1. Just from the alpha-carbon atoms, what are the Rg and Dmax of segment 128-179 in angstroms?
2. Ranked from highest to lowest mean number of other Cβ atoms within 10 Å per residue, what is the order of the peptides 365-371, 56-62?
3. For segment 282-390, report the translational diffusion coefficient in µm²/s to the nearest whole number, using Stokes-Einstein at 10 °C, 1.306 mPa s, and a Kirkwood Rh over Cα pairs.
4. On the protein heavy atoms, probe 1.4 angstrom, tell me the percent of accessible surface of the chain carried by carbon and sulfur.
5. Given a cut-off of under 8 Å on Cα pairs at least six residues apart, what relative contact order in percent is computed for segment 128-179?
6. Just the accessible area per residue of segment 115-218, please: how many Å² with a 1.4 Å probe?
7. In 5 Å bins starting at zero, report the fraction of Cα pairs in segment 70-150 per bin as a rounded %.
8. For helix 93-104, report the angle its Cα long axis makes with the longest principal axis of the Cα atoms of the chain; keep it between 0 and 90° and round to the nearest 10°.
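The values are calculated or read from the model by the stated rules, or taken from the named source; none is laboratory data. Because the structure is predicted, anything quoted here is derived from the model rather than measured. Cβ placement follows ideal geometry from the backbone for every residue including glycine, while neighbour counts extend to all protein chains displayed. The area values use the complete protein model at the heavy-atom level, side chains included, leaving out ligands, DNA and RNA. Shrake-Rupley method; radii C 1.70, N 1.55, O 1.52, S 1.80 Å.
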Amino acid sequence: MAEPFPLAPSLWFATAPAAAATPPLAQDVSADVCVIGAGFAGLSTALHLAEAGVSVVVLETHEPGWGGSGRNGGQVIPGIKYDPSEILAKFGPVAGEALIGFVGSTADLVFDLIAKHGMDVPHKRAGWIQGAHTPAMVETVKRRAAEWQARGVDAQFLDKDAAARLLGTDRYLAGWVDRRAGGVQPLAYARGLAKAALAAGAAIHGQSNVVSLTRSGATWTVRTAQGASVTAPRVVVATNGYTGDLIPKLRQSVIRPNSFIVATQPLSDNVAGTILPEGQVVSDTRQLLLYFRKDHQNRLLMGGRGPFREPKDAADWAHLERVVGKMYPQVKGVPFDFRWCGRVALTRDFLPHLHEPEPGLLVDIGCMGRGVGLQSAMGKAMAAYITTGDRGRLPFPVVPITPLPLHALNELYVSAIIAWYRLTDGGMKDKAA
Ligand SMILES: Cc1cc2nc3c(=O)[nH]c(=O)nc-3n(C[C@H](O)[C@H](O)[C@H](O)COP(=O)(O)OP(=O)(O)OC[C@H]3O[C@@H](n4cnc5c(N)ncnc54)[C@H](O)[C@@H]3O)c2cc1C
């Protein structure tokens, strides 16, 4: 498989505050917990464990935030793919209500952590708009807004005119706005989490690729490519879209497509004022959704699916640049300064999966596209489970690792769907959008 696309070409790498030093693991150490992977999930786990007085060592192949966490759209959206009524139907009234409470609070956690730790993270909490691209989806978003509203959430259905006013484009039939949500500079947030975890006493080692994971009785040995090791009774694996073959069948339990983003040069105040004037972040109801926003320096970002493989050249982002031109003709001709991508992990049931394949080994995988809030909150929940031993502190049930049948074919299938959507310009040739 080709090397994954690097972090450095991203807008976020160019504009994030400096990272804390996280030198490679140079000697054998022991700890209460070893965390593998320094994205939002691993870093939040480490922060909350360290705050509880647990000794924790994080090992990361590259640097904190190098994976999906440093490359995403920075949209902090509470909830999961399923609406409250669907969650209740799936999990029953008791576990369902608890899960609704959990997924509804994920954005709060992110903004609370930024404030509590004084993180240097450009952010704005103006809400998230989901644009409806077909008449059927208009009904879906109307119901979705009503369900959350009935639970006291500051959410509203937007008819075509209201959506057009907030979006600055009339290409959606309607939408809803969820004002719990907002936008962050995601790499700045990942680096902020790392600094907070270090300050709380965690050890974090970058350039420390874990190559083996072995258990002898109640002790795990986690060894890096350089030959140094961490021994610990507990290990948390939080490698998500960058999962390799450390744990049998884990990689085969998810599909890991690349998601692509482009960002323009900073727009003039005149042009920027016509696009998302209140500063909401946006995604839409397409299967292969489009997501867009302005950053803190008035660049317009547009994200969506691209080829399943790693990109070859700028042409792999051209479909997103065309979408920008169609949705916001006033931006036509403004150069695109940044093109980047990253891998997300999708599970078959569109839920994050927690696994405990052996004693002391906890795995969190399958962030879908909601990982900024969700993985931050999963980290906090995993830390609570580890410190208390109470599985009830985990928001999702612990399930066996189940490889997707015909995994390689599934990845081909996803590539075919993505290719088809690219041909049709992400559906943007639809009159509706
Ligand atoms: C382009 C893109 C756009 C997205 N947009 C949004 C959005 O707007 N809003 C939202 O909520 N979510 C979004 N997501 C999803 C979100 O980014 C992820 O859900 C989240 O970052 C996952 O965090 P994580 O900690 O689980 O994994 P990651 O951040 O991917 O971290 C996993 C880490 O594990 C490390 N690793 C892997 N193997 C090893 C090993 N053997 N040894 C040591 N380290 C290892 C990797 O280097 C990586 O740093 C997007 C994702 C992408 C890629």
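1. Both quantities, over Cα of segment 128-179: 10.1, 30 Å.
2. By packing density, highest mean first, the sequence is 56-62, 365-371.
3. Here the translational diffusion coefficient equals 94 µm²/s.
4. 56
5. The normalised contact order for segment 128-179 reaches 48 percent.
6. Result: 41 Å² per residue.
7. 3, 12, 19, 21, 18, 14, 9, 4, 1
8. Approximately 70 degrees, to the nearest 10.
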